[in-house]
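Everything on this sheet refers to the single structure shown next.
The values are calculated or read from the model by the stated rules, or taken from the named source; none is laboratory data. Just so we're clear, the structure is a prediction, and the values are computed from it rather than from any experiment. Cβ: placed from backbone, ideal geometry, glycine included. Neighbour counts: every protein chain shown.
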Amino acid sequence: MSHDDFNARYSLHASQVGTHNLDLGGTDVSQEEHESTVQYLVRLKDGTNMTVHFLGLDRLNVDLSSTRSFYTVVHKFKQSFLLGYIVYFNSKHLSKFQNQSDILHLEKDSDIILETVIMQPDAPWGLARINEASPIDTTKEKFNYIYDNAYETGEGVNIYVFDSGLKSEHVQFGGRVKAAYVHRGGTSGDTDGHGTHVAGIIAGATYGVAKNSTLYECKVLPDGETGTVGKLFVSYDQTIPG
């Protein structure tokens with residue numbers, strides 16, 4: 001079994017630890033020690049005698065000032081194909097495990113999180129294309145767009161749109177537009193429509209990728225006028241946090 005298989009098949013969610021009634025040391029454990037105590041997954045080399053392995057770890061305890069063991073075993077695996085265990089120990093003792101020649105693999109336990117996958121039917125070609133590894137049939141008019149609602153919608157992401165402005169009240173933006181910059185003498189909004197179109201591709205509820213992101217209107221092209229590269233750079237300099 002590969003290390004990746006080990007991680008995928010035997011990682012436990014941290015919330016499950018309480019079911020093992022662990023004793024993490026009682027009153028002689030400092031707050032700092034308690035906060036740095038971590039659960040690890042340990043896989044031993046084939047043929048390792050687990051009893052001998054733990055005797056070797058226990059002999060290291062003589063180097064510590066405390067009379068308590070520096071580790072707490074949560075679970076020993078019983079399956080013949082998996083020789084190992086789950087253990088709690090303070091991170092300052094990591095090297096004691098790393099130096100054991102009979103340990104094949106050691107890693108921190110990690111959470112298993114369920115994805116919230118959503119399928120958007122009748123999506124435009126552009127959206128469908130970004131979640132397909134192979135080219136799609138462009139003769140169709142509508143496509144399915146599949147995305148993870150928890151991680152692939154731009155939640156918590158700020159996007160600055162430097163263009164002709166944004167129509168902040170547009171239904172596609174759902175109140176996610178904030179004003180960041182308007183060129184001297186101009187007013188917020190978008191009479192041209194180009195900036196709103198671009199923002200819709202970026203973050204529109206139906207047509208956008210980052211559907212939950214926050215949009216910042218950076219209006220560098222005054223209504224009905226042209227701009228310059230210099231004015232664009234000025235807007236960058238005055239808008240984006242340094």
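Set side by side, the residues S80, S95 differ, and just one is assigned to a helix (DSSP H, G or I) and modelled with pLDDT of 80 or more, which is S95. When the range 162-220 is examined, which residues are found to be over 26 Å from Y145 (Cα atoms), of a type in the set (S, T, N, Q) and surrounded by fewer than 20 Cβ atoms within 10 Å (Cβ to Cβ)? T187, S188, T191 - these are the residues of the range 162-220 that are over 26 Å from Y145 (Cα atoms), of a type in the set (S, T, N, Q) and surrounded by fewer than 20 Cβ atoms within 10 Å (Cβ to Cβ). Looking across the range 184-232, the residues that are among the hydrophobic types (A, V, I, L, M, F, W, C) and either farther than 30 Å from E152 by Cα or in contact (Cβ under 8 Å) with a residue 60 or more places away in the chain (or both) come down to I201, V209, L221, V229, L232. Close contacts from the range 126-155, counting a first residue that is over 26 Å from L215 (Cβ atoms) and a second that is of a type outside the set (K, R), with Cβ to Cβ under 6 Å and a gap of 6+ residues or different chains, come to I136/A128. When L60 is tested against (1) exposed (fewer than 15 other Cβ atoms within 10 Å of the Cβ); (2) in contact with a helix residue (DSSP H, G or I) (Cβ under 9 Å, 6 or more places away or on another chain); (3) part of a helix (DSSP H, G or I); (4) not aromatic (F, W, Y), just one condition goes unmet, and that condition is (1). For the range 94-119, the set of residues classified as free of Cβ contacts under 8 Å to residues at least 40 places away in the same chain and touching a strand residue (DSSP E or B) at 6+ places or on another chain (Cβ under 7 Å) consists of Q98, E115, T116, V117, I118, M119, listed by residue number.
Only one entry in D137, D163, D122 is under 30 Å from V229 (Cβ atoms), of a type in the set (D, E) and more than 27 Å from the chain's Cα centre (by Cα), namely D163. Of the strands (runs of 3 or more DSSP E) contained entirely in the range 105-207, not one carries at least 3 residues that are in contact with a Gly (Cβ under 7 Å, 6 or more places away or on another chain) and assigned by TED's automatic domain parsing to the domain that holds V87.
For the range 182-197, the set of residues classified as over 15 Å from T214 (Cα atoms) and not small (G, A, S) consists of V182, H183, R184, T187, D190, T191, D192, H194, H197, listed by residue number. Per this entry, V74 is counted among residues that are among the β-branched types (V, I, T), in contact (Cβ under 8 Å) with a residue 24 or more places away in the chain and in contact with a Leu (Cβ under 7 Å, 6 or more places away or on another chain).
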